[in-house]
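Just so it is clear, none of the values below were taken in a lab; they were calculated from the coordinates. Note that the structure is predicted; figures quoted are calculated from it, not measured. Glycine also receives a Cβ, built like all others from the backbone with ideal geometry; neighbour counts cover every protein chain displayed.
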Amino acid sequence: MNIFESLNKDLIPKAHAAITNTAVPGGESPDSAPGQFAITMATLWQTIIIVGGLAFLLYFLWGGLNWILAGGDKGKLDESRAKITQGLIGLAVLAASYVIVKFIESAIGLDLLNIIWPTAG
């Protein structure tokens, strides 16, 4: 047995067993990596939806405020209308992503945002 086989047999399983990430749900052991990945992806998607919703709200209010302060200026009104329209398009994209996730959930029969991975035993 050479040195590399010895390292692979003795050291690597011990190092692999010592890796934990208790800050992330499901990160207690390396064997829970698929569940941890699913939880991370669901949390990321939910965070993007929340941040996108807040961005829509701020952009929509910014466009409305610019509309009010335009004072009849045609250029400022068009710019404000464009901001409001872009905000509504962003909201539609967020809503469409939610609908797509729910459609995929019903098509495959899994709760994608609360995945519980089957385990042996």
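Calculated on the Cα set of the range 33-108, radius of gyration then Dmax: 17.4, 58 Å.
Computed over neighbours whose Cβ is under 12 Å from that of residue 69, the net charge equals -1, Lys and Arg +1, Asp and Glu -1. Between residue 99 and residue 81, the contour length at 0.36 nm per residue exceeds the alpha carbon distance by 3.8 nm.
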